[in-house]
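Down below is the structure, laid out as structure tokens.
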Amino acid sequence: MSANLTAASRPGLSPHTRMKNDTARGGWVLLAPERVLMLDAIAAEILTLCDGNADIGTIADELARRHSAPREEVLGDVLEMLQELRNKGLLVA
């Protein structure tokens, strides 16, 4: 299991993973060897901000601003989602 992400972690997609807007499936997907993961709109929005440079705290700030949502709630949700993807090997930080 990977170490836990924090607000200071700088996530990006693993080298073997890419995000693609798949019109045949009708939305965004993560593609990895022998895996396709459908993304909902929020997951896709979060992952577009994960460029390996921005830290999770900054990503949460941006999402909280965009959606007029409480920053701490957004941060918790973002950390949980990204940790799950990291545990699956789809994300590096």
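Determine the pairs where a residue that is closer than 16 Å to residue 48 by Cα, located within region 62-75, has a partner that is among the charged types (D, E, K, R) with Cβ atoms under 6 Å apart, the partner being 6 or more residues away or on another chain.
Correct list of pairs: 64/71.
What helices (runs of 4 or more DSSP H) completely inside region 12-93 contain at least 3 residues that are out of contact with any Ser or Thr (no Cβ under 8 Å at 6 or more places or on another chain), of a type outside the set (Val, Ile, Thr) and surrounded by fewer than 16 Cβ atoms within 10 Å (Cβ to Cβ)?
Counting at least 3 such residues, we get 56-67, 71-87.
Select from region 16-31 the residues that are out of contact with any strand residue (DSSP E or B) (no Cβ under 8 Å at 6 or more places or on another chain) and at negative phi and list them in ascending order.
Result: 23, 24.
Determine whether region 61-80 contains at least one residue that is touching a Pro at 6+ places or on another chain (Cβ under 9 Å) and under 29 Å from residue 33 (Cα atoms).
So far as region 61-80 goes, no, none of its residues is touching a Pro at 6+ places or on another chain (Cβ under 9 Å) and under 29 Å from residue 33 (Cα atoms).
Here, each number is a calculation from the coordinates, and none is a lab measurement. Owing to the predicted nature of the structure, the values given are computational and were not obtained by experimental measurement. Note that we place each Cβ from the backbone using ideal geometry, even for glycine, and neighbour counts take in every protein chain shown.
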